[in-house]
1. Please turn the phi angles of region B:41-55 into ³J(HN,Hα) values with the Karplus equation 6.51 cos²θ - 1.76 cosθ + 1.60 (θ = phi - 60°), one per residue in order, whole Hz, x for glycine and proline.
2. How far, in nm to one decimal, is residue B:164 from itself in the other copies if the label point is set 7 angstrom along Cα toward Cβ? Shortest first, please.
3. Starting from the amide H of residue B:153, placed 1.01 Å from N in the peptide plane, find each other amide H under 5 Å away whose residue is 5 or more places distant or on another chain.
4. Run the quick spin-label model on residue B:67 and residue B:164: label points 7 Å from Cα toward the beta carbon, then report their separation in nm to one decimal.
5. Tell me, A:216, B:98, B:129 in order of fewest to most beta-carbon neighbours within 10 Å?
6. What does the C-alpha gyration tensor say about the overall shape of region A:84-148? Classify as rounded when a/c is under 1.5, otherwise prolate if a/b is larger than b/c, or oblate.
7. Give the percent of DSSP beta bridges with both residues in the protein assembly as shown that are antiparallel, rounded to the nearest 5.
8. Using all Cα-Cα distances in the protein assembly as shown, what percent lands in each 10 angstrom bin from 0 up to the longest?
Number of protein chains: 2
Amino acid sequence: MNLNERDFTVGDVPGVLWLPETLPAPLVLLGHGGGRDRKSPPMTGRAELLVAQGFAAAAIDAPGHGDRPRSPYDDEEIALMQRAMATGEPVGPIVVRYNADLARRAVPEWQAVLDMLLELPEIAGPVGYFGLNMGSAIGIPLTAADSRITAAAFGLFWPDLVAEAAKRITVPVEFAMQWDDEHIPREAGLALFEAFGSAEKSLHVNTGRHKDLPRYEADSAVRFFVRHLKK
Amino acid sequence: MNLNERDFTVGDVPGVLWLPETLPAPLVLLGHGGGRDRKSPPMTGRAELLVAQGFAAAAIDAPGHGDRPRSPYDDEEIALMQRAMATGEPVGPIVVRYNADLARRAVPEWQAVLDMLLELPEIAGPVGYFGLNMGSAIGIPLTAADSRITAAAFGLFWPDLVAEAAKRITVPVEFAMQWDDEHIPREAGLALFEAFGSAEKSLHVNTGRHKDLPRYEADSAVRFFVRHLKK
């Protein structure tokens, strides 16, 4: 599939916009995971699925990711994470703390990007957000803060530090977790699902470890956006 | 959609077989809920979805349901259930006990029906089972007992009396539960999901009460059978 792909920059944040054939189109924001960037395979893969359903999709590099510089603090936290991974220590507390800092930086960036995108004649209608792992750590406070986002798909994160924002979210949510996640205990995943204030929310659990999340959950998230953003 | 529908009887059990255009076809057995029968709307609706994906589907009347006579014991348990519903007492203990008795009667009936269906030239390949509520109470011991069933979609039931059979099931399972079920506590639904011995299992939770299970979960179950029975 040939994606109609357009690069953009807002301030010093590089981004990419994918457009479907029929315009104007509703928009889904794609938040990438830790260590990834705006054009890594999960982003382009989800963009393809969304564009095929008539959505526009947009991704930006998170702070310290992709083409963006790392601060000394970024370097320090990434080194701690890598050391924990190598020694088998729990990586959760570091990820939770570091991603909360990234979210504080990334939320206003996403909001400025959304301001720009919603000015384009190619974009019209409701906005969704789709992001797992760090994409949830950033997307949960973003969705809580920005009423323009009216449906969101999240997953694979701890409740610590994001549960308060999750409680303020009232738009429909689809949440994915892994039943045998070696990093995120079951109770933690269920607690984050429970935290969302949304009257309409769905939880998808699959057996397997953290990285075994089935590919078909991306199709499921796209169907979720079709139900909520195209009615 | 015009369903190619064929009535049959095995012993004193009335059943119906729906066939797709392309034959022979893999088969999904449909177990109806309490108070329903082989041709009630959830059965014909799911049959339509399955036939559209190239599956044959079959349903039979459970003991004491549809065109089948009720025993004095059936009458007694149904009266107790209706009284509990009317007075707001917990209906779970009665349903669990009564459905366990129905399952003891229904499992050998399903197995005789399956013997007959697998002799038909129109049926070939793997077999699935799909049933919620009483359809799970019967389907869980059936799937545990019959190795011809190689994928199963269940939901909306208590772990009491079926958890032991669930532990013996090792084929892929998709399980649906309601987060705000007024009859089945969350912990009970999660405990039944956890009980399945399957290495590959998925849980779909949605907000809402017992009868609010979203229609799109039937589409999801059909996709589950496509993944597991048509590969």
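1. x, x, 6, 5, x, 5, 4, 4, 4, 5, 4, 4, 9, x, 8
2. 5.0
3. Here the answer is B:129, B:130, B:131, B:174, since their amide H atoms fall under 5 Å of that of residue B:153.
4. Output for this residue pair reads 3.5 nm.
5. On the way: A:216 15, B:98 21, B:129 29.
Fewest-to-most ranking of A:216, B:98, B:129: A:216, B:98, B:129.
6. On the way: a/c = 3.28, a/b = 2.85, b/c = 1.15.
Prolate shape, in that a/c is at least 1.5 and a/b is the bigger ratio.
7. Numbers: 27 of 75 bridges.
If we restrict to bridges inside the protein assembly as shown, about 35 percent are antiparallel.
8. It works out to 4, 20, 26, 22, 16, 9, 3, 0, in whole percents.
None of the figures in this text is laboratory data; all of them are computed from the coordinates on show. If you're wondering where the values come from, they're calculated on a predicted model, not measured in any experiment. Don't worry about glycine lacking a Cβ; one is built from the backbone with ideal geometry, like all the others, and counts go over all protein chains shown.
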